[in-house]
1. Only residues that are among the aliphatic types (A, V, I, L, M), open to solvent by 70 Å² or more (accessible area, probe 1.4 Å) and closer than 14 Å to Pro51 by Cβ: list them for the stretch 1-37, please.
2. Within the stretch 103-117, is even one residue within 29 Å of Gly35 (Cβ to Cβ), crowded, with 20+ Cβ neighbours inside 10 Å, within 12 Å of the chain's Cα centre (by Cα) and acidic (Asp, Glu)?
3. Collect the residues in the stretch 154-168 that are touching a residue at least 24 places away in the same chain (Cβ under 8 Å) and under 17 Å from the mean Cα position of the chain (by Cα), keeping them in residue-number order.
4. May I ask you to list the residues in the stretch 85-111 that are touching a Phe, Trp or Tyr at 6+ places or on another chain (Cβ under 6 Å) and farther than 16 Å from Gly142 by Cα?
5. Modelled with pLDDT under 95, among the hydrophobic types (A, V, I, L, M, F, W, C) and more than 15 Å from Arg98 (Cα to Cα): does that describe Leu167?
6. So Phe18 ticks every box in (1) more than 15 Å from Cys82 (Cα to Cα); (2) assigned to a loop (DSSP other than H, G, I, E, B); (3) in contact (Cβ under 8 Å) with a residue 24 or more places away in the chain but one. Which box is left unticked?
7. Looking at (1) in a loop (DSSP other than H, G, I, E, B); (2) among the polar types (S, T, N, Q); (3) within 24 Å of Ala99 (Cα to Cα), find the lone condition where Asn3 falls short.
8. Among the residues in the stretch 175-184, are any part of a helix (DSSP H, G or I) and at pLDDT below 95?
Amino acid sequence: MINKKYEITDIAHEKYSFLHRIRALRDIGKDVKAGDLGGFVESESNLSFEPGDDAWIFNDAIAAGEGYVDQSSRLFGEAVVCSHAYVSCGSAMSAQARAEDYAYIRGGDVCGHARVSGSSMILCAPDGAARPILSENCVVYGTVQGDIHVMGTAVVASGEVIRNDTLDTLVIRETGRSVIRDPSRDELAPHRHQEKQKKPRNKGWDR
């Protein structure tokens with residue numbers, strides 16, 4: 001398939017000369033116009049150019065090695081996707097966030113100095129409504145799914161699986177875990193009783 005989405009320019013990264021800036025060949029979503037410069041890639045294997053895919057690398061963000069960004073995901077700031085990491089399904093990475101090794105981010109937000117390493121998985125809720133957020137200096141090696149905010153210097157160890165399928169937000173810090181309750185859970189509403197159906201009378205007992 002011919003790449004009609006972006007080209008790799010001769011503008012090399014100041015520190016990593018094997019990385020080069022990309023330039024949009026067409027308008028991409030609402031934020032990128034044809035001719036706009038983007039972040040850095042090592043090759044076309046780092047950023048999807050499938051028709052209709054608005055995935056993009058902004059600012060000084062990097063996708064290198066066999067790292068791959070697709071399905072409308074965005075990299076901002078100085079975020080890095082490298083090794084075999086895969087960022088997909090509208091995920092966003094910003095600041096100095098890093099996805100490395102075999103990390104998989106599907107519908108998550110990773111910012112600050114957060115790091116996603118090993119064979120970790122950052123997954124949105126099955127219905128896509130709740131997105132996990134990783135921020136500050138946290139490190140995740142395990143699985144985080146649903147409405148979960150990992151922050152501070154918290155560590156999710158390899159093999160650890162944390163899922164939240166409730167209406168509340170689970171907050172994980174280095175000092176412990178807490179919950180931000182959804183306000184709707186503290187409200188009471190009348191129970192909707194189903195109209196009771198009248199049992200048919202047994203004709204044998206009719207008098």
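1. Met1, Ile2, Leu25
2. Looking through the stretch 103-117, at least one residue is within 29 Å of Gly35 (Cβ to Cβ), crowded, with 20+ Cβ neighbours inside 10 Å, within 12 Å of the chain's Cα centre (by Cα) and acidic (Asp, Glu).
3. Passing the criteria: Val156, Asn164, Asp165.
4. Ser94, the sole residue that qualifies.
5. Here the answer is yes, as Leu167 does meet what is asked.
6. Checking Phe18 against (1) more than 15 Å from Cys82 (Cα to Cα); (2) assigned to a loop (DSSP other than H, G, I, E, B); (3) in contact (Cβ under 8 Å) with a residue 24 or more places away in the chain, the one that fails is (1).
7. Among (1) in a loop (DSSP other than H, G, I, E, B); (2) among the polar types (S, T, N, Q); (3) within 24 Å of Ala99 (Cα to Cα), the lone unmet condition for Asn3 is (3).
8. Within the stretch 175-184, one or more residues are part of a helix (DSSP H, G or I) and at pLDDT below 95.
The values are calculated or read from the model by the stated rules, or taken from the named source; none is laboratory data. Every value quoted in this text rests on a predicted model; they were computed, and no experiment measured them. Quick reminder, even Gly has a Cβ in these numbers, built from the backbone with ideal geometry, and neighbours come from all protein chains shown. Surface areas here come from the heavy atoms of the whole protein model, side chains and all, with no ligands, DNA or RNA. Shrake-Rupley method; radii C 1.70, N 1.55, O 1.52, S 1.80 Å.
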